[in-house]
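Visitor: I'd like to ask you about the structure that follows.
The values are calculated or read from the model by the stated rules, or taken from the named source; none is laboratory data. What you see is a predicted model; the values in this text were computed from it and never measured. Every residue, glycine as well, gets a Cβ built from its backbone with ideal geometry; the counts of neighbours run over all protein chains shown.
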Amino acid sequence: MSGQPLGLSLKVSWYLMKMRLTRREKFPLTMILEPLEKCNLACIGCGRIHEYEPVIDKLMTVEEAMRAVDDCDAPVVSIAGGEPTMHPQIGEIVAGIIERGKYVYLCTNALLFKKAFKVIPPSPKFSFVVHLDGLRETHDIAVDRKGVYDVAIKMIKEAKERGYRVCTNTTLYSGNQPVEYHELFAMLNDLGVEGMMVSPGFEYKEVADQPIFMQRQEAQNFFRRIFEGTKKGTRFYNNPLYRDFLQGKRDYECSQWSTPTYTVMGWRKPCYLLSTEGHAETFIELMDTTPWDKYGYGKDSRCDTCMMHCGYEGSAIMEAMSKPSVGWEMFKRTVLTKD
Ligand code: SF4
Ligand code: SF4
């Protein structure tokens, strides 16, 4: 079942129609904004805090963030990092993006939730995305600190009581059992979480020595067992075609250009996960000079284990846009049957 608000679905549909009419082939759907790379955790699967170690104290200014949001002009902005709530001006950054009519998803590990509640008011265009990789033991191992799971659940409950929209983001690693995720998703559904995002962990070179990353076929089998055992009516944020892809029922080429990432060092080339080509100074430079076709499954060995939404969820939307039968299936499963 889709956990996206209707207003967002309409905004994205209108945006896609405009892109089609103007015959743009490559365009952003969701922009990822990283206003700092510093974090108050050191999760075992996180490449960010290692890769950006030399600039770990750097803060993006509000003006820099707004310029990037305006240049990119995607209808959705996902704020990540690092831990975004550690940024001293996170309230102004969120407010500035909402003022521009865009939907904001703020990814957080929950540790600073009381500060976040003070500086960010509830809005239909704003959602917290709470990081939750499993039930208590699994999550606390993934984030390498005891007690974080309990804080995350507390944040979800309090945020719902205060009128915030809340989503969750779960990264799946090797060695866990599907039944744990059946329990986790059922519990989050009962807590009123609007949309649950799922994807397998990406094997960043900085943490590749850890035996926690699934190969593609292993991940597909795992996702099939997870989705088959999940209760009907579970509100997943990811669209149903992308969920088919995760289970190996559909095949897509990567469309990393649909999810550009702006960091304290500029626009990452080519994607949220790899920065092979360094960073571009402007959005136009990113779009015009990145050799997009060099990357993706079967083209670059580092992409072989990647099934992340930043590369493939946009591909599912593009297919729905270009093939009427697939577009109808997406509409039916998202709106009518609430698959
Ligand atoms: S909370 Fe996020 S940014 Fe921080 S260490 Fe964990 S994965 Fe990395
Ligand atoms: S498959 Fe796409 S999104 Fe994934 S790492 Fe490669 S270029 Fe990036």
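Visitor: Quick test for you: out of Leu111, Leu41, pick the one residue that is in a loop (DSSP other than H, G, I, E, B) and either surrounded by fewer than 19 Cβ atoms within 10 Å (Cβ to Cβ) or within 16 Å of ligand 2 (Cβ to nearest atom) (or both).
Guide: The match here is Leu41.
Visitor: Right, something else. Here is a list of conditions, (1) more than 25 Å from Leu10 (Cβ to Cβ); (2) in contact with a Leu (Cβ under 8 Å, 6 or more places away or on another chain), and Phe126 meets all of them except one; can you say which number that is?
Guide: Failing condition for Phe126: (1).
Visitor: What number of residues within region 268-289 are surrounded by 13 or more Cβ atoms within 10 Å (Cβ to Cβ), over 19 Å from the mean Cα position of the chain (by Cα), at pLDDT 95 or above and not in a helix (DSSP H, G or I)?
Guide: Summing the residues that are surrounded by 13 or more Cβ atoms within 10 Å (Cβ to Cβ), over 19 Å from the mean Cα position of the chain (by Cα), at pLDDT 95 or above and not in a helix (DSSP H, G or I) in region 268-289 gives 3.
Visitor: Pick out the one residue from Gly134, Gly82 that is within 12 Å of ligand 1 (Cβ to nearest atom), under 24 Å from Gly47 (Cβ atoms) and touching an Asp or Glu at 6+ places or on another chain (Cβ under 9 Å).
Guide: Residue meeting the stated conditions: Gly82.
Visitor: Restricting region 221-238 to residues that are polar (S, T, N, Q) and either assigned to a strand (DSSP E or B) or touching a residue at least 40 places away in the same chain (Cβ under 8 Å) (or both), which is surrounded by the fewest Cβ atoms within 10 Å (Cβ to Cβ)?
Guide: The extreme case among them is Thr234.
Visitor: May I pose another question? Which condition number in (1) closer than 27 Å to Met318 by Cα; (2) modelled with pLDDT under 90; (3) of a type in the set (Asp, Glu) is the one that Glu218 fails?
Guide: Single failed check for Glu218: (2).
Visitor: Pick from region 186-208 the residues that are in a loop (DSSP other than H, G, I, E, B) and among the small types (Gly, Ala, Ser): which of them is surrounded by the most Cβ atoms within 10 Å (Cβ to Cβ)?
Guide: If we take residues in region 186-208 being in a loop (DSSP other than H, G, I, E, B) and among the small types (Gly, Ala, Ser), then Gly201 is surrounded by the most Cβ atoms within 10 Å (Cβ to Cβ).
Visitor: Right, another one. In this structure, is Glu51 of a type in the set (Asp, Glu), under 20 Å from Glu313 (Cβ atoms) and surrounded by 15 or more Cβ atoms within 10 Å (Cβ to Cβ)?
Guide: No; evaluated as a whole, the condition is false for this residue.
Visitor: Looking for whichever is more than 20 Å from the chain's Cα centre (by Cα), modelled with pLDDT of 95 or more, more than 20 Å from Cys107 (Cβ to Cβ) and assigned to a helix (DSSP H, G or I) here; the options are Glu183, Glu158. Which one fits?
Guide: Exactly one residue qualifies, and that residue is Glu183.
Visitor: Looking at Asp144, Asp140, Asp133, Asp150 in this structure, which one is at positive phi and either within 16 Å of ligand 2 (Cβ to nearest atom) or charged (D, E, K, R) (or both)?
Guide: When all the criteria are applied, what remains is Asp144.
Visitor: Scan region 211-218 and give yes if some residue there is closer than 24 Å to Glu34 by Cβ and assigned to a loop (DSSP other than H, G, I, E, B), otherwise no.
Guide: Yes, region 211-218 contains a residue that is closer than 24 Å to Glu34 by Cβ and assigned to a loop (DSSP other than H, G, I, E, B).
Visitor: Name every residue in region 268-297 that is away from ligand 1 (no atom under 16 Å from the Cβ) and in contact (Cβ under 8 Å) with a residue 60 or more places away in the chain, in order of residue number.
Guide: Correct list: Thr282, Phe283, Ile284, Met287, Trp292, Tyr297.
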